[in-house]
Amino acid sequence: MRPQFLEMDGLMTVADALEEMAEHGTNTLIIMKRHADDEFGIVQLSDIAKKVLARNRAPERVNLYEIMTKPVIGIHERMDVRYVARLFDQFGLSSAPVIKGGAVIGMVSNDDLVLRGLMRLHQS
């Protein structure tokens, strides 16, 4: 898990989000909950490519909530790396937020699973 992630409001435009993503070197955004009973959303660069760029939409006129995936599939903080890999496979995920107590505490990706998780399993 990487504790660094970007969390943004769904009302932000794709253009604003792209600036933040470039500045922070990330390709995934967590979209904040609007209220206590809401769920997190997620936007990846692939969403922007498919839903904005490929459709010739102006990034300054598209809000993140229009292109996000919601609800996001979250990973419990203590989930075994093997189960995370299975979940990714079953749902075609490449990254997911790690959730503890109803809050996002980090992100996990295929890179993390292979480069850190598999190596840790191999060393035990």
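The values are calculated or read from the model by the stated rules, or taken from the named source; none is laboratory data. None of the values given here were measured: they were computed from a predicted structure. So basically every Cβ, Gly included, is an ideal-geometry build from the backbone, and we count neighbours across all protein chains shown. Side chains included, ligands, DNA and RNA excluded: accessible areas come from the protein's heavy atoms. Shrake-Rupley method; radii C 1.70, N 1.55, O 1.52, S 1.80 Å.
Can you order the peptides 54-61, 1-8, 103-110 by their average number of other Cβ atoms within 10 Å per residue, highest first?
103-110, 1-8, 54-61
Give me the percent of accessible area attributable to carbon and sulfur for the chain, probe 1.4 angstrom.
51
Using a 1.4 angstrom probe, figure out how much accessible area the chain has per residue, in square angstrom, rounded to the nearest whole.
Per-residue accessible area for the chain comes out at 63 Å².
With the crude spin-label approximation of a point 7 Å out along Cα→Cβ, what separation in nm comes out for Arg2 versus Tyr83?
Simple spin-label model gives 2.5 nm for this pair.
Per-residue ellipticity at 222 nm for the chain, helices alone: DSSP H runs ≥ 4 residues times -39500 (n - 2.57), over residue total, nearest 500 deg cm²/dmol?
The helix-only estimate for the chain comes to -7000 deg cm²/dmol at 222 nm.
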